[in-house]
Amino acid sequence: MAMPRFIPRTIIGQLIAGTVLMQAVLLGLFLSLTVRRELDDNDTRSAQRLESQTMLLAHLVQHSLEEHEAEDTQRLVDAVRASPVINSARITDMDGNTLALSPADSDALDAFERPQLEQLPFTYHSFRGQNGEMEGVAPVLSEDGRPIALAWIEPDPVTLHRNPHSLIQNALVYALLALLVNVMLAVILARTISRPLSILVAGTKELAIDPEHSDKFPLPVTSFNEAGELTESFNTTVMELRRQRAGLRETLAMLDSMLATAPIGFAFYDRQLHYVRVNQYLAGINDLPIEEHIGRHLRDMVRSGLELQIEAGIQQVFDTGEPLYEMELQGEAPDQPGTPRSWIISFYPVHTEEQDVHWVGTVVIETTQRRRSEDALRKTEKLAAAGRLAASIAHEINNPLEAVTNLLYLLQNHPSLDMEARRYAEMAQSELGRVSQITQQTLRFYRQSTQPTPGNIGEILDSVLLLHNARIHGANVKVESEYRPTAELRAFGGELRQLFANLIGNAVDAMPRDGGRLRIRVRQSQAWFGDQRVSGVRVTIADTGCGMPEEVRRRIFEPFFTTKEATGTGLGLWVSEEIVLKHAGALHVRSRTAPPTGTVFTIFIPYDGID
């Protein structure tokens, strides 16, 4: 409620105004009671004095009137008139004719005095005169008691009311002195109250403007009364609020840190399905900043039909007040169009004090990687089983191959064979040697060494080319090899074979149908790792295939990413990069889709990288 404008807004002003008002009321009551009583007493005294003065004048002029001495009568009237309380004195006969008058201003009786003659006979009579004041008239009696004249006295009105006026003046002086003393006392008392309250108000305003910076607290205690106790209580309250706010800030900071860095998505929605809060992980899924989510509708952020399922889950929680767990969704994320993704979303209610569902929170866990891992695990198990089967077959084939090789050697040296038969036997033995090498390479892929061993990069590449010889010739690919003399390199030979097999196999698959060119170059080189220059071997594998677009090139080293839907697992290049990093090397790729097309992989492996 608004305070009226005429009421002061400070305690000092209110105390002074209240004191002045109270003094004015008390003065009015005092004057109304005291002055009225004094006026009544004064009227009584004036009436008694007027009667005695009138009777005295009548007694004094008795002898002079009987002796018909007019001068003595006038002298006596003047003597009575000399009194300061008498305005005029008059002696008339019984018919109202003036015999003596002081002062001599008018001989005739006025309109208020003449009617008094009609009330004769009387001993003394008072009445209101022309000026509204009391006048007295008394008969002058002779010695035998017979009235012979009338004595008239008119009192002085100024002298008559002098005492009440003085009383009022004294009362006003007293009231002013009392008011001054009370105001000074009110100011002193108000300062003892208003000073701590002013400090309290200033501190409260600062606290209301900026609750985080309460530099004025604790407030000084300047009085030892209720205001001081109030200040101490307020200081205690502020300190407690500061402690609770600090704890709340720590809790919120911890929750914000958890929300911001958690590897799962959090979002809160109101009943209109607007975002109330969201963390960075979920904002990244929608490929929009956090601030663009707040206040926006769910359908503005989520597309591809997923918003309908999410809306249904949120509405169910609002309606029932019960959480909804693990709703599985599948679709595409805005930042990776064309890539299937999967998520599990749980919905839970956020209650207010009235137990109403105020918000609905969601927890989003992406299961794309897990599903890919499960698929890849199944494919890997199949590949591992196929590898074990291939190794088993290669091992079983290797024994009869040795026997056939020995038989061909014996047949070749048999004396009954002619030259042409011997030539056929040599060709058969050569082809069986190639078959034996293939089986040996197959076993090497399966039986990899767990310790690094010295090896020659050129020999490892030749063994991989031998393994892919049929595919290379079938694809009409021309291989150009350039092996400069290289020192032996300590490495995991089986893993390097896997690395080169992945790169060469991908290069052959990328060739056009009419064939292409595969160039492999090995040379000694140096590379900078930070501020250190390192010596090693650089291997370049370049093809004239179709090349890779930029969006594919950026993701080729991601696990389970593949462009070979039917035959690829998406693990080849990821494993290749891991092998290079295991040898402390570096792997770079360049690719073009515009003519001339092709892809170039460059691998640098330090001599002492594995150590």
*Answer yes or no as to whether residue 82 is of a type in the set (A, V, I, L, M), exposed (fewer than 13 other Cβ atoms within 10 Å of the Cβ) and modelled with pLDDT under 85.*
yes
*Which listed residue, of 466, 432, is closer than 24 Å to residue 403 by Cα and at pLDDT below 75*: 432
*Within the range 353-375, how many residues are among the β-branched types (Val, Ile, Thr) and closer than 15 Å to residue 320 by Cα?*
2
*Would you mind stating whether residue 480 is of a type outside the set (Ser, Thr, Tyr), assigned by TED's automatic domain parsing to the domain that holds residue 583 and under 26 Å from residue 571 (Cβ atoms)?*
no
*Is it true that some residue in the range 549-570 is in contact with a Lys or Arg (Cβ under 8 Å, 6 or more places away or on another chain), in the same structural domain as residue 586 (by TED's automatic domain parsing), outside any loop (DSSP other than H, G, I, E, B) and within 20 Å of residue 600 (Cβ to Cβ)?*
no
*Is it true that residue 443 is surrounded by fewer than 18 Cβ atoms within 10 Å (Cβ to Cβ), hydrophobic (A, V, I, L, M, F, W, C) and modelled with pLDDT of 65 or more?*
no
*Could you list, in sequence order, the residues of the range 37-51 that are charged (D, E, K, R) and modelled with pLDDT of 75 or more?*
37, 40, 41, 43, 45, 49, 51
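Table: residues versus (1) basic (Lys, Arg); (2) over 27 Å from residue 484 (Cα atoms).
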{"position": "540", "(1), (2)": "no, no"}
{"position": "546", "(1), (2)": "no, yes"}
{"position": "553", "(1), (2)": "yes, yes"}
{"position": "557", "(1), (2)": "no, yes"}
{"position": "562", "(1), (2)": "no, yes"}
{"position": "581", "(1), (2)": "no, no"}
{"position": "591", "(1), (2)": "no, no"}
{"position": "598", "(1), (2)": "no, no"}
*Could you list all residues from the range 519-544 that are in a loop (DSSP other than H, G, I, E, B) and either at pLDDT 90 or above or on the phi > 0 side of the Ramachandran plot (or both)?*
530, 544
_Some residue of the range 58-78 being under 23 Å from residue 133 (Cβ atoms), of a type in the set (D, E, K, R) and touching a strand residue (DSSP E or B) at 6+ places or on another chain (Cβ under 8 Å)_ = yes
*List the pairs whose first member sits in the range 523-545 and is in contact (Cβ under 8 Å) with a residue 24 or more places away in the chain, whose second member is β-branched (Val, Ile, Thr) and surrounded by fewer than 21 Cβ atoms within 10 Å (Cβ to Cβ), and whose Cβ atoms are under 6 Å apart, counting only residues at least 6 apart or on separate chains?*
524/486; 527/534; 537/486; 540/602; 542/600
*Any idea how many residues of the range 124-182 are at pLDDT 75 or above and outside any helix (DSSP H, G or I)?*
33
*Please work out which one of (1) modelled with pLDDT under 90; (2) surrounded by 19 or more Cβ atoms within 10 Å (Cβ to Cβ); (3) farther than 17 Å from residue 580 by Cα is the condition residue 501 fails and give its number.*
(3)
*Test residue 35 against the criterion of being touching a residue at least 60 places away in the same chain (Cβ under 8 Å), among the hydrophobic types (A, V, I, L, M, F, W, C) and closer than 30 Å to residue 170 by Cβ, and give yes or no.*
yes
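The values are calculated or read from the model by the stated rules, or taken from the named source; none is laboratory data. Note that the structure is predicted; figures quoted are calculated from it, not measured. In this analysis, Cβ positions are derived from the backbone assuming ideal geometry, glycine residues included, and neighbour counts consider all displayed protein chains.
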